[in-house]
């Protein structure tokens, strides 16, 4: 499927699945002497995630990383389906879809590296940031022009919400 045909899938998306490192963050980790590791997140991605939740979309986070600070940030945005420290992501994704009665045809996944490979092959809308690994880009029907941690999540959520007339609707900003 070409990126042009990708637009035909957007009206059917009900679930967004995101990796953390390299997607929600730029993949950089700052290490402090006390073994604390810090990641930065893009505020525009956060806005889009909150809006998607308010419009009834489900957000699922599956990450190989394991950071309490990341979990707290995601929870602050309203995300409740967070799986951290996951070595094999596909079983988590398939179980989640089964338990929540969501079809892969209604699922968009954004990942950036080899741990996301199987999940990207399992969903109807595999996507990735501009700086995803070279082995990942060919799997994706949409490669954002924006790098991980710099707004690629906003990019994809905005496209889906626009396709479903949720982006600038009258209630979009009624917090």
Worksheet item: If you go through the range 103-118, how many residues are surrounded by fewer than 24 Cβ atoms within 10 Å (Cβ to Cβ) and part of a helix (DSSP H, G or I)?
Response: 7
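With 153, 123, 160, 86 as the choices, which residue is modelled with pLDDT of 95 or more, touching a strand residue (DSSP E or B) at 6+ places or on another chain (Cβ under 8 Å) and surrounded by fewer than 19 Cβ atoms within 10 Å (Cβ to Cβ)? Before you say what the answer is, go through the steps one by one.
Numbers: 153 fails: surrounded by fewer than 19 Cβ atoms within 10 Å (Cβ to Cβ); 123 fails: surrounded by fewer than 19 Cβ atoms within 10 Å (Cβ to Cβ); 160 fails: surrounded by fewer than 19 Cβ atoms within 10 Å (Cβ to Cβ).
It is 86.
Do we find that residue 67 is surrounded by 18 or more Cβ atoms within 10 Å (Cβ to Cβ) and over 12 Å from residue 18 (Cβ atoms) in this structure? Steps first, answer last, please.
Numbers: surrounded by 18 or more Cβ atoms within 10 Å (Cβ to Cβ): yes; over 12 Å from residue 18 (Cβ atoms): yes.
Spelling it out, residue 67 is indeed surrounded by 18 or more Cβ atoms within 10 Å (Cβ to Cβ) and over 12 Å from residue 18 (Cβ atoms).
What's the total number of residues in the range 55-90 that are on the phi > 0 side of the Ramachandran plot and assigned to a strand (DSSP E or B)? Write out each step before concluding.
Of the range 55-90, the ones on the phi > 0 side of the Ramachandran plot are 56, 78, 85.
So of that shortlist, the ones also assigned to a strand (DSSP E or B) come out as none.
The number of residues fulfilling the criteria is 0.
Does the range 12-54 hold any residues that are in a strand (DSSP E or B) and surrounded by fewer than 19 Cβ atoms within 10 Å (Cβ to Cβ), and which are they?
Step one: of the range 12-54, the residues in a strand (DSSP E or B) are 15-18, 21, 25, 30-31, 37-38.
Listed by number, the residues that qualify are 30, 31, 37, 38.
So how many residues does the range 91-102 have that are outside any helix (DSSP H, G or I) and exposed (fewer than 12 other Cβ atoms within 10 Å of the Cβ)?
The qualifying residues number 1.
The values are calculated or read from the model by the stated rules, or taken from the named source; none is laboratory data. Just so it is clear, the model here is predicted, and its values are computed rather than measured. Cβ atoms come from the backbone with ideal geometry, glycine included; neighbour counts cover every protein chain shown.
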